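First comes the structure, then the notes that go with it.
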Amino acid sequence: MTQKKTFQQAMISITLLALSLIIITGCKNQSSKTDTKSNSTTLRDDTLKGFLLAGVYFVQGYGGAIPFMDKVKDDINKNAAQKDFLTMLDTAYHHYFIYPYPRSIAEKVDARNTLSSWFQINNQNDFYSFLASLKDSGFQAHYLVCRKALDDNGGLNADISKINFAKYNLPKGSEILLKFIKDHYNKFSSSGIKAWNIGLYVYTVCLGYGAEYIDAQNGKSIIVQMLEEAQKDYPDWKTYYNDFMLGRQFAGTDPSANAAYQKTIDGMLQGDYSAYKYLPLQQ
């Protein structure tokens with residue numbers, strides 16, 4: 001899979017934005033159950049659900065939603081009406097989503113180079129510090145400051161030219177971010193762009209696993225912890241990925257790829273071969 005190289009330029013822009021804007025600083029269970037309220041069959045697999053938080057990166061790496069779903073369909077070679085379908089779907093998604101970069105000597109070198117060039121992560125301590133920053137502040141922190149500056153000055157009707165940047169410790173150039181938030185003011189959920197931090201966190205753990213900065217079990221453990229955080233803020237996958245895309249745009253990450261990302265998200269959240277359909281975020 002060529003995903004890491006495909007996203008290299010995009011991730012570099014994340015690092016540059018972070019620096020220039022001075023950002024404020026379980027075990028797998030493959031059993032399925034019937035939800036009697038909706039009369040639909042669902043899976044219980046928090047490990048996989050945690051990796052679904054960064055699923056758009058993985059699906060993009062496989063060429064988008066349609067090629068990816070075709071892979072899953074070929075693996076299962078069955079239709080959704082058969083009784084063992086969900087078990088096979090769960091297994092297929094584990095294959096493609098749980099640490100999609102298998103460990104090897106070459107992968108270790110590649111992953112470490114990627115983390116170094118994208119985020120200046122050059123050792124295990126840097127890796128954990130970066131994860132802590134994403135969890136505790138990251139882009140969400142800067143969004144909240146910009147949002148407060150707008151809200152204090154009229155919200156949707158704020159005149160950006162009259163906002164005192166020094167009062168909010170906003171660096172020069174923040175007009176662009178303030179305008180973006182104002183233009184999309186009612187599209188953000190109450191959680192802002194926290195989903196962007198979360199998705200990037202899970203993706204970085206996967207890179208860290210390939211780089212041998214974290215072992216498989218500890219990686220799964222902290223990803224499940226991040227899942228619990230996501231469940232506190234987001235009622236469903238659609239809301240989560242809406243904020244994720246707004247966060248991506250806020251970060252200024254490769255705008256030319258926004259349409260492709262949105263298309264992938266729209267495709268991967270629906271259809272018989274979508275794990276998101278059988279693993280509700282709030283289950």
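The values are calculated or read from the model by the stated rules, or taken from the named source; none is laboratory data. Being a predicted model, the structure only gives us computed values, none of them experimental. Reconstructed Cβ throughout: ideal geometry from the backbone, glycine too, with neighbour counts over all protein chains shown. These accessible areas exclude ligands, DNA and RNA; they are computed on the full protein's heavy atoms, side chains included. Shrake-Rupley method; radii C 1.70, N 1.55, O 1.52, S 1.80 Å.
Can you find a residue in segment 216-226 that is open to solvent by 40 Å² or more (accessible area, probe 1.4 Å) and modelled with pLDDT under 95?
No, segment 216-226 has no match at all.
Which of the following residues is farther than 19 Å from residue 193 by Cβ, more than 20 Å from the chain's Cα centre (by Cα) and open to solvent by less than 50 Å² (accessible area, probe 1.4 Å): 85, 97, 127, 68?
Of 85, 97, 127, 68, the one residue that is farther than 19 Å from residue 193 by Cβ, more than 20 Å from the chain's Cα centre (by Cα) and open to solvent by less than 50 Å² (accessible area, probe 1.4 Å) is 85.
Quick check on my filter: what residues within segment 39-64 are small (Gly, Ala, Ser) and farther than 14 Å from residue 95 by Cβ?
Residues satisfying the conditions are 40, 50, 54, 63, 64.
I'd like the full set of residues that are open to solvent by less than 60 Å² (accessible area, probe 1.4 Å) and over 30 Å from residue 225 (Cβ atoms), limited to segment 130-152.
If the condition is that a residue be open to solvent by less than 60 Å² (accessible area, probe 1.4 Å) and over 30 Å from residue 225 (Cβ atoms), then 149, 150 are the ones that fit.
Condition check: in a helix (DSSP H, G or I) and open to solvent by 10 Å² or more (accessible area, probe 1.4 Å). Does residue 177 satisfy that?
Yes.
Scan segment 87-102 and report the pairs whose first residue is of a type in the set (Gly, Ala, Ser) and whose second residue is buried (at least 18 other Cβ atoms within 10 Å of the Cβ), with Cβ atoms within less than 8 Å and a gap of 6+ or a chain change.
Going by the 8 Å Cβ cut-off, the qualifying pairs are 92/72; 92/76.
Take the residues in segment 241-278 that are among the acidic types (Asp, Glu) and in a helix (DSSP H, G or I), then tell me which one is surrounded by the most Cβ atoms within 10 Å (Cβ to Cβ).
243
Looking at segment 111-129 only, could you name the residues that are assigned to a helix (DSSP H, G or I), touching a Gly at 6+ places or on another chain (Cβ under 9 Å) and within 17 Å of residue 203 (Cβ to Cβ)?
111, 112, 114, 115, 127, 128
Tell me which of these residue 238 doesn't satisfy, since it passes every other one: (1) out of contact with any helix residue (DSSP H, G or I) (no Cβ under 6 Å at 6 or more places or on another chain); (2) assigned to a helix (DSSP H, G or I); (3) more than 23 Å from residue 283 (Cβ to Cβ).
Going through (1) out of contact with any helix residue (DSSP H, G or I) (no Cβ under 6 Å at 6 or more places or on another chain); (2) assigned to a helix (DSSP H, G or I); (3) more than 23 Å from residue 283 (Cβ to Cβ) one by one, residue 238 breaks only (3).
Would you call residue 108 more than 16 Å from residue 212 (Cβ to Cβ) and in a helix (DSSP H, G or I)?
It is false that residue 108 is more than 16 Å from residue 212 (Cβ to Cβ) and in a helix (DSSP H, G or I).
So which residues in segment 100-109 are of a type in the set (Ser, Thr, Tyr) and surrounded by 16 or more Cβ atoms within 10 Å (Cβ to Cβ), if there are any at all? First the steps, then the outcome.
As a first pass, look at segment 100-109 and keep what is of a type in the set (Ser, Thr, Tyr): 101, 104.
If the condition is that a residue be of a type in the set (Ser, Thr, Tyr) and surrounded by 16 or more Cβ atoms within 10 Å (Cβ to Cβ), then 101 is the only one that fits.
Applying the selection to segment 181-198, what residues are within 20 Å of the chain's Cα centre (by Cα) and either open to solvent by less than 30 Å² (accessible area, probe 1.4 Å) or hydroxyl-bearing (Ser, Thr, Tyr) (or both)?
Those that are within 20 Å of the chain's Cα centre (by Cα) and either open to solvent by less than 30 Å² (accessible area, probe 1.4 Å) or hydroxyl-bearing (Ser, Thr, Tyr) (or both): 181, 188, 189, 190, 191, 192, 193, 195, 196, 197, 198.
Select from segment 110-124 the residues that are out of contact with any Ser or Thr (no Cβ under 6 Å at 6 or more places or on another chain) and surrounded by fewer than 20 Cβ atoms within 10 Å (Cβ to Cβ) and write down the one among them that is nearest to residue 273 (Cα to Cα).
Here the residue is 110.
Restricting to segment 137-180, count the residues that are under 23 Å from the mean Cα position of the chain (by Cα) and at positive phi.
Count: 1.
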